[in-house]
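Enquirer: The structure that follows is given in the form of structure tokens.
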Amino acid sequence: MSVRQWKGNDMATQDVLPAGRSEKVSLLYDPRARSIFFQVLIVALLVLGGWWIVENTLENLRRSNIQTGFAFLKGRAGFDILTSLIPYSSDSTFGRAIVVGILNTALVAVTGIIAATIIGFLVGVGRLSNNWLIRKIATVYVELFRNIPPLLVILFWYQGVLSLLPNVRDSYSLPLSSFLNNRGFYLPRPVWGEGSWLILVGLVLGIIFSWFVARWARARQVETGQQFPVIWTSVALILGMPFLGFVLGGFPLTFDLPQKGTFNLTGGANIKPEFLSLFLALSFYTAAFIAEIVRAGIMGVPRGQTEAYSALGIRPSQGLRLVVIPQAMRIIIPPLTSQYLNLTKNSSLAVAIGYPDLYAIGGTILNQTGQAIEVVVIFMAVYLSLSILTSLFMNWFNAKMALKER
Amino acid sequence: MNKAKVILGAALLGLVAGAASADTLDDVKKKGFLQCGVNTGLAGFSSPNDKGEWTGLDADFCRAVAAAVFGDATKVKFTPLSAKDRFTALQSGEVDILSRNTTWTINRDTALGLNFAGITYYDGQGFMVNSKKLPGITSALQLSGAAICVQSGTTTELNLADYFKANKMEYTPVVFEKFEEANAAYDAGRCDAYTTDQSGLYAVRLQMSAPDDHVVLPEIISKEPLGPAVRQGDDKWFDIVKWTYFALLNTEEAGITQANVEEMKSTENPDLRRLLGVEADTKIGTDLGLTNDWVVNIVKGVGNYGEIFERNVGTGSPLKIARGANALWTKGGLQYGPPIR
């Protein structure tokens with residue numbers, strides 16, 4: 001923009017000058033030549049600086065006899081990891097340990113983003129509620145969590161809440177054979193028997209049928225104006241079809257229940273307190289920011305819109321869903337993306353409470369192998385990729401929600 | 001945000017920008033103090049006391065090196081390091097010496113580019129359990145299925161995996177970056193057992209809310225020779241640190257203490273005169289790049305090895321650890337200083 005203006009001015013001054021003189025302008029005073037010169041100079045300096053850093057680093061590593069390269073990833077890890085989504089033992093490679101870390105980071109990021117979005121929307125709408133109590137509770141929530149550093153929120157959940165739970169012997173027994181103690185949350189683990197594929201088939205069919213029903217209902221509404229309870233039909237289809245599969249498969253589901261062992265409960269599924277506290281902390285912390293974004297989005301829709309749908313006789317609940325929220329979404333989505341990125345990056349604070357995320361596992365590998373630069377390069381590449389993936393998804397979503405101009 | 005990250009970042013920057021010079025002695029003399037990497041808080045080895053001064057065996061070893069270089073044991077600055085950050089800090093030149101209960105292994109000596117100057121403490125890894133909560137446990141072999149608290153990036157973490165695998169037992173590792181975090185989690189009952197070097201277990205036990213409830217199990221599952229490390233590629237500095245350690249051992253063997261070092265200088269015994277640098281035309285100290293009274297300075301500053309041991313981890317300390325393998329070779333231990341001549 002500025003370059004363009006500059007050129008324009010240049011043209012203007014040249015017009016004033018006699019035609020013959022402009023050719024004699026020395027290269028030193030030619031703005032175009034100067035601009036090219038400085039750009040080339042800056043690129044050269046950048047390349048030189050980069051080369052200097054790389055060269056210096058390699059020289060220093062060589063001088064202190066430290067190996068370089070990514071060959072260490074093939075070595076035997078030798079350490080165990082608290083939780084892993086893929087099979088892992090101390091015999092696995094360092095590379096696999098990194099993958100375990102990436103998956104653990106992704107797990108807490110994805111579940112955290114979902115929970116933070118739900119809490120954030122509830123609180124954000126709550127702040128605009130006509131009910132005094134709900135409004136005030138939402139305000140206190142936002143002010144409390146927004147003004148505390150995330151690390152403190154994590155430690156609050158880990159040391160302040162979850163470590164106060166009883167030990168294994170005095171576990172809280174919850175319904176459905178689940179237990180809660182200071183080793184985490186123990187749930188019955190479903191064991192899928194033969195014929196359980198029918199349940200999955202039912203689920204897929206249910207989703208496909210719902211999609212067709214929704215399409216048909218929309219077409220019918222456009223044509224005749226008659227409405228059809230799409231949501232309830234979809235719920236019935238998506239729950240009913242798998243149940244039908246379940247019955248047809250001959251009830252192929254049993255549960256592995258948690259039992260008391262020497263030290264811990266054995267069997268069942270165990271959600272570790274490290275994951276729980278990180279998940280809760282990140283969701284609650286980020287939800288406070290999302291609530292404010294949601295509130296800003298709703299308030300950003302002009303009041304006239306509300307008045308307009310009221311004048312048309314649309315009920316407030318429907319008006320909110322059909323008129324206000326679609327317009328508010330356009331304000332909400334871009335800053336929401338930043339919050340999702342923040343949540344993903346804040347998950348590296350897991351190291352304080354022993355949740356084996358990428359940063360914690362990578363740190364261990366860094367220490368065992370001494371490959372500081374390589375491990376940090378992996379850190380940067382992974383966090384950058386996660387962030388870019390989130391951004392791409394949100395940009396796609398934003399484009400989908402954007403005002404369709406015809 | 002996170003102190004560990006800041007240290008790691010700073011250390012990496014050092015690795016990149018090339019602060020690690022080849023002549024550490026020169027750098028240290030120019031700076032006017034020794035930068036020493038220590039543990040963030042391990043009683044008996046390096047922990048700040050109520051006046052904020054670093055105390056412990058590892059801290060005193062750094063003071064001994066400072067005394068040898070400057071003739072003044074107080075010219076040390078301490079950098080507390082987590083297990084994870086310690087090697088990067090040394091490699092990058094952030095610290096001149098790493099004296100942080102670090103186990104000497106071949107991997108660290110070669111691939112990590114370090115040089116270990118000696119073994120200031122012979123240790124071994126053990127387990128501790130809460131006998132109130134788990135009354136039946138008397139052996140580490142009963143720990144199958146237990147949750148075990150451990151510090152990340154240590155040999156302890158690796159030995160733990162090997163031990164349970166070798167004995168075909170299951171366990172849940174709960175891994176923390178900082179010693180304090182692991183201690184707190186164990187004390188809160190997150191883990192059934194705590195594992196680290198035995199000396200560390202005794203130190204950790206003192207920090208528990210009810211120290212008497214905790215018992216250290218008899219098994220020692222590994223060799224943990226702990227010692228100070230320096231960067232590779234600087235033999236002169238390596239020699240100074242190595243011979244500071246040997247001087248501490250030799251003075252104990254000769255019976256030279258902080259209290260009697262001045263009067264010992266007038267001894268007739270040629271062996272002691274040579275050790276204390278009062279022999280005529282001696283060059284032992286200057287060959288090392290120091291002054292000839294370097295041994296006198298060390299002992300005046302911190303005492304001999306036995307004095308350091310007793311004061312920090314032995315009978316004069318709350319830990320009350322017996323000399324055991326750390327006694328001099330003349331008393332049935334492993335500590336042996338080559339002759340200074």
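Enquirer: When we measure straight from the Cα of B:K51, which lysines land under 19 angstrom away, once same-chain ones fewer than 8 places off are left out?
Expert: Cα-Cα hits under 19 Å: B:K75, B:K77.
Enquirer: Using the Cα centre as the reference, give the magnitude of the dipole from point charges on the C-beta atoms of the stretch B:123-224 (Lys, Arg: +1; Asp, Glu: -1; all else neutral), rounded to the nearest 20 debye.
Expert: Its charge dipole is roughly 260 debye.
Enquirer: Scanning chain A for helices, which whole DSSP H stretches are 20 Å or more long along the axis (Cα) and average 1.6 or more by Kyte-Doolittle?
Expert: Numbers: long enough: A:2-16 (22 Å, -1.11); A:31-63 (47 Å, 0.64); A:94-127 (48 Å, 1.80); A:132-146 (21 Å, 0.69); A:197-224 (40 Å, 1.11); A:230-248 (26 Å, 2.17); A:273-299 (38 Å, 1.40); A:325-346 (30 Å, 0.11); A:372-401 (43 Å, 1.51).
Helices meeting the criterion: A:94-127, A:230-248.
Enquirer: Starting from the Kirkwood Rh over alpha-carbon pairs, what translational D in µm² s⁻¹ does the protein assembly as shown have by Stokes-Einstein at 10 °C and 1.306 mPa s?
Expert: Roughly 51 µm²/s, to the nearest whole number.
Enquirer: What dipole magnitude, in Debye to the nearest 20, does the protein assembly as shown give about its Cα centre under +1 on Lys/Arg Cβ and -1 on Asp/Glu Cβ?
Expert: Roughly 3180 debye, rounded to the nearest 20.
Enquirer: Taking the dipole about the Cα centre of the protein assembly as shown, with the C-beta of Lys and Arg at +1 and of Asp and Glu at -1, give me whichever of A:N182, A:T286, A:A360 is farthest to the positive side.
Expert: Result: A:T286.
Enquirer: Can you give the local net charge around A:G319? Use residues other than it whose beta-carbon is closer than 13 angstrom to its beta-carbon, Lys and Arg +1, Asp and Glu -1.
Expert: +2
Enquirer: Let me ask something additional. Quick check: net charge around A:V125, other residues with Cβ under 15 Å of its Cβ, Lys/Arg +1 and Asp/Glu -1?
Expert: Taking every Cβ under 15 Å from that of A:V125, the sum is +4.
Enquirer: Right, here's the next one. Treat the stretch B:58-206 as a sphere of radius equal to its Kirkwood radius over Cα pairs and apply Stokes-Einstein at 10 °C in a medium of 1.306 mPa s; give the translational diffusion coefficient in µm²/s, rounded to a whole number.
Expert: Numbers: Rh = 17.0 Å.
D, rounded to a whole number, is 93 µm²/s.
Enquirer: Report the per residue volume, in Å³, of the convex hull enclosing the C-alpha atoms of the stretch B:158-307.
Expert: Spread over its residues, the Cα hull of the stretch B:158-307 gives 173 Å³ apiece.
Enquirer: Quick one: if you stick a label point 7 Å off each Cα along the C-beta vector at B:I220 and A:K260, how many nm between them?
Expert: Going from the B:I220 label point to the A:K260 one covers 3.8 nm.
Enquirer: Return the aspartates and glutamates within reach of B:K320: Cα separation strictly under 17 angstrom, same-chain partners fewer than 8 residues apart disregarded; answer none if there are no such residues.
Expert: Correct list for B:K320: B:D58, B:D123, B:D197, B:D212, B:E307, B:E310.
Enquirer: Using Cβ counts within 10 Å as a stand-in for footprinting exposure, how do B:V76, A:V324 rank, fewest first?
Expert: Fewest-to-most ranking of B:V76, A:V324: A:V324, B:V76.
Enquirer: Oh, and also: Would you mind putting A:32-39, B:288-295 in packing order, based on average other-beta-carbon counts within 10 Å, highest first? Can you show the working numbers first?
Expert: Details: A:32-39: 11.6, B:288-295: 20.6.
Most protected by this proxy first, the peptides run B:288-295, A:32-39.
Enquirer: Seen from all sides and averaged, what is the projected area of the convex hull of the Cα atoms in the stretch B:123-224, in nm²?
Expert: Details: hull surface 21.8 nm².
The number I arrive at for the stretch B:123-224 is 5.5 nm².
Enquirer: Given 10 Å bins starting at zero, what is the percent of C-alpha pairs of the stretch B:264-326 in each, up to the one with the largest pair distance?
Expert: 21, 36, 25, 17, 1
Enquirer: Here is a further query. Taking chain B as the reference, fit the longest principal axis to its C-alpha atoms, fit the long axis of helix B:155-166 to the helix C-alpha atoms, and give the angle between the two in degrees, 0 to 90, nearest 10.
Expert: Taking Cα atoms only, the helix is inclined about 40 degrees.
Enquirer: Separate question: If contacts are Cα pairs under 8 angstrom and at least 6 residues apart, what is the relative contact order of the stretch B:134-283 in percent?
Expert: Details: 127 pairs, mean separation 29.0, N = 150.
Dividing the mean separation by the residue count of the stretch B:134-283 yields 19 percent.
Enquirer: Also, I was wondering about something else. So what is the relative contact order of chain A, in percent, for Cα pairs below 8 Å that sit 6 or more residues apart? Mind dumping the intermediate values first?
Expert: Numbers: 467 pairs, mean separation 82.3, N = 406.
Computed over chain A, the figure is 20 percent.
Enquirer: Which peptide among B:109-122, A:293-306, B:206-219 comes first, and what is the full order, when sorted by highest mean count of other Cβ atoms within 10 Å?
Expert: With the highest mean Cβ count within 10 Å placed first, the list reads B:109-122, A:293-306, B:206-219.
Enquirer: Would you please give the residues with an amide H less than 5 Å from that of A:T266, counting only those at least 5 places away or on a separate chain, with H modeled from the backbone geometry?
Expert: A:Q259, A:K260, A:G261
Enquirer: So what's the net charge close to A:A269: Lys and Arg +1, Asp and Glu -1, counting the other residues with Cβ under 15 Å from its Cβ? Before the final figure, lay out each step's value.
Expert: Working: positive: A:R183, A:R189, A:K272; negative: A:D256.
Residues close to A:A269 contribute a combined charge of +2.
Enquirer: Okay, moving on. Can you spot the aspartates and glutamates whose alpha carbon is less than 17 Å from B:K283's alpha carbon? Ignore those fewer than 8 places along the same chain.
Expert: Hits, sequence-local ones excluded: B:D239, B:D271, B:D293.
Enquirer: Taking the Cα centre of chain A as origin, sum charge times position over the Cβ atoms of Lys and Arg (+1) and Asp and Glu (-1), and report the length of that vector in debye to the nearest 20.
Expert: Around 860 debye, computed over chain A.
Enquirer: Check the stretch B:123-224 and count each lysine pair with an alpha-carbon distance under 27 angstrom, considering only pairs eight or more places apart or from different chains.
Expert: Count of close lysine pairs: 9.
Enquirer: Related question: Towards the positive end of the charge dipole of the protein assembly as shown, with charges on Cβ (+1 Lys, Arg; -1 Asp, Glu), say which of B:A182, A:V161, B:G333 has the farthest Cα.
Expert: A:V161
Enquirer: While we're on this one: How far apart, in nanometres, would the label points at A:Q67 and A:V110 be if each is projected 7 angstrom from Cα along the Cα-to-Cβ direction?
Expert: My value for the distance between the label points is 3.4 nm.
Enquirer: I'd like the distance between the alpha-carbon centres of the stretch A:336-406 and the stretch B:186-218, rounded to an integer number of Å.
Expert: Comparing the Cα centres of the stretch A:336-406 and the stretch B:186-218, I get a distance of 36 Å.
Enquirer: If you take all C-alpha pairs in the stretch A:306-366, what percent of them are over 18 Å apart?
Expert: Summing the P(r) tail past 18 Å for the stretch A:306-366 gives 60 percent.
Enquirer: For chain B, what does the convex hull of the Cα positions come to per residue, in cubic angstrom? The partial results should precede the final answer.
Expert: Details: hull volume 47.7 nm³, N = 341.
Cα convex hull per residue, to the nearest whole number: 140 Å³.
Enquirer: What are the residues whose amide H is under 5 Å from the amide H of B:Y121, where those residues sit 5 or more places off or on another chain and H is modelled from the backbone?
Expert: Hits under the 5 Å cutoff: B:L226.
Enquirer: Quickly estimate the mean residue ellipticity at 222 nm for chain B, helices only: each DSSP H run with n ≥ 4 gives -39500 (n - 2.57), and the total goes over all residues, rounded to 500.
Expert: -11000 deg cm²/dmol
Enquirer: Label-point separation (nm) for B:E180 and A:L200, each offset 7 Å from Cα along Cα-to-Cβ?
Expert: 4.9 nm
Enquirer: What Kirkwood radius, in Å to one decimal, follows from the Cα pairs of chain A?
Expert: About 27.2 Å, per the Kirkwood formula over Cα pairs.
Enquirer: OK, next. Percent relative contact order of chain B, based on C-alpha pairs within less than 8 angstrom and at least six residues apart?
Expert: Taking the mean separation of contacting Cα pairs over the length of chain B, I get 21 percent.
Enquirer: Sticking with this structure for a sec: Counting each DSSP H run of 4 or more residues in chain A as -39500 (n - 2.57), what helix-only mean residue ellipticity at 222 nm follows after dividing by all residues, to the nearest 500 deg cm²/dmol?
Expert: So the helix-based figure for chain A works out to -21500 deg cm²/dmol.
Laboratory data are not the source of any read-out in this text; all were calculated from the coordinates shown. Keep in mind the model is a prediction, meaning the values are calculated, not measured. Cβ: placed from backbone, ideal geometry, glycine included. Neighbour counts: every protein chain shown.
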